[in-house]
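Enquirer: Dropping a structure here in structure tokens format, bear with me for questions.
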Amino acid sequence: SVEFYNLATQTGFIEPLKDADNQIFSGGDVEFDPIHKLFLIGQEFSSVDPAGGSSILVYDQKGNFIEAVNNLKLPASPAYMALHPSNRTGYVIVTPALTELQSFTY
């Protein structure tokens, strides 16, 4: 699950991650795109990628699932995403060597 909390109103809610019915599908790093008001959640083991790789799940501020960026190779420890919100691109480190970055768009 992912929890959304509004600091101004001090209210929040919990939203299950898309198709995540097991703890193996837990999210790691969470990043926020302040321009498009989107949250990106990295999953080492994807709950939505039919190929079984890693994914980044994209949600809006209301907790609506927007899309999944599939076919990634995220490491076991939370891999921080670097976002470039103005052109909706991002970068994550690639396993197993952890010596290169993989770009993605959302």
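Enquirer: Given a Förster radius of 25 Å and the C-beta distance between V30 and A97 as r, what FRET efficiency does 1/(1 + (r/R0)^6) yield to the nearest 0.05? Walk me through the numbers on the way to the answer.
Expert: On the way: r = 25 Å, r/R0 = 0.99.
That pair, V30 with A97, gives E of 0.50.
Enquirer: Before I look further, what does segment 41-103 give for accessible area per residue, probe 1.4 Å, in whole square angstrom? List each step's numbers first, then the result.
Expert: Values: 3400 Å² over 63 residues.
In whole numbers, segment 41-103 has 54 Å² accessible per residue.
Enquirer: Tell me which of F45, F25, F4 sits at the most positive position along the dipole axis of segment 1-46, charges placed on C-beta atoms (Lys, Arg +1; Asp, Glu -1).
Expert: Farthest along the dipole direction, towards plus: F4.
Enquirer: State to the nearest 20 debye the size of the charge dipole of the chain about its Cα centre, where the only charges are +1 on K and R beta carbons and -1 on D and E beta carbons. Numbers along the way, then the final one.
Expert: On the way: 5 positive and 12 negative charges, 38 e Å.
Charge dipole, the chain, about its Cα centre: 180 debye, nearest 20.
Enquirer: Filter the trypsin sites (Lys or Arg not before Pro) in segment 9-106 to those in DSSP coil with at most 12 other Cβ atoms within 10 Å of their Cβ, and list the result. Walk me through the numbers before you get to the answer.
Expert: On the way: sites: K18, K37, K62, K73, R88; in loops: K18, K37, K62, K73, R88.
Taking segment 9-106 and a limit of 12 other Cβ atoms within 10 Å, the loop trypsin sites (Lys or Arg not before Pro) found are K37, K62.
Enquirer: Can I ask one more? Could you tell me the center-to-center distance, by alpha carbons, between segment 1-79 and segment 88-104 in angstrom?
Expert: That distance is 17 Å.
Enquirer: Using a Förster distance of 30 Å, how high is the FRET efficiency between A8 and S77, based on the Cβ-Cβ distance and rounded to 0.05? Intermediate values should be presented prior to the final figure.
Expert: Details: r = 32 Å, r/R0 = 1.08.
Efficiency computed from Cβ-Cβ geometry: 0.40.
Enquirer: Is the shape of segment 1-72 best called rounded, prolate or oblate, per the rule: a/c under 1.5 gives rounded, else a/b larger than b/c gives prolate, else oblate, with a ≥ b ≥ c the square roots of the Cα gyration tensor eigenvalues? List each step's numbers first, then the result.
Expert: Details: a/c = 2.45, a/b = 1.67, b/c = 1.47.
It is prolate, given that a/c is not under 1.5 and a/b is the larger ratio.
Enquirer: Go through segment 8-20 residue by residue and turn each phi into a ³J(HN,Hα) via Karplus (6.51, -1.76, 1.60, θ = phi - 60°); whole Hz please, and just put x for glycine and proline.
Expert: Taking θ as phi minus 60°, the curve returns 5, 9, 6, 10, x, 7, 10, 10, x, 5, 3, 6, 8 Hz for segment 8-20.
Enquirer: Moving to a separate point now. Across segment 72-79, in residue order, what do the Karplus-derived ³J(HN,Hα) couplings come to in whole Hz, using 6.51 cos²θ - 1.76 cosθ + 1.60 with θ = phi - 60° and x for Gly and Pro?
Expert: 9, 10, 7, x, 5, 7, x, 8
The values are calculated or read from the model by the stated rules, or taken from the named source; none is laboratory data. This structure is a prediction, so every number in the text was calculated from the model and none was measured. So basically every Cβ, Gly included, is an ideal-geometry build from the backbone, and we count neighbours across all protein chains shown. In case anyone asks, the SASA skips ligands and DNA or RNA and just uses the protein heavy atoms, side chains included. Shrake-Rupley method; radii C 1.70, N 1.55, O 1.52, S 1.80 Å.
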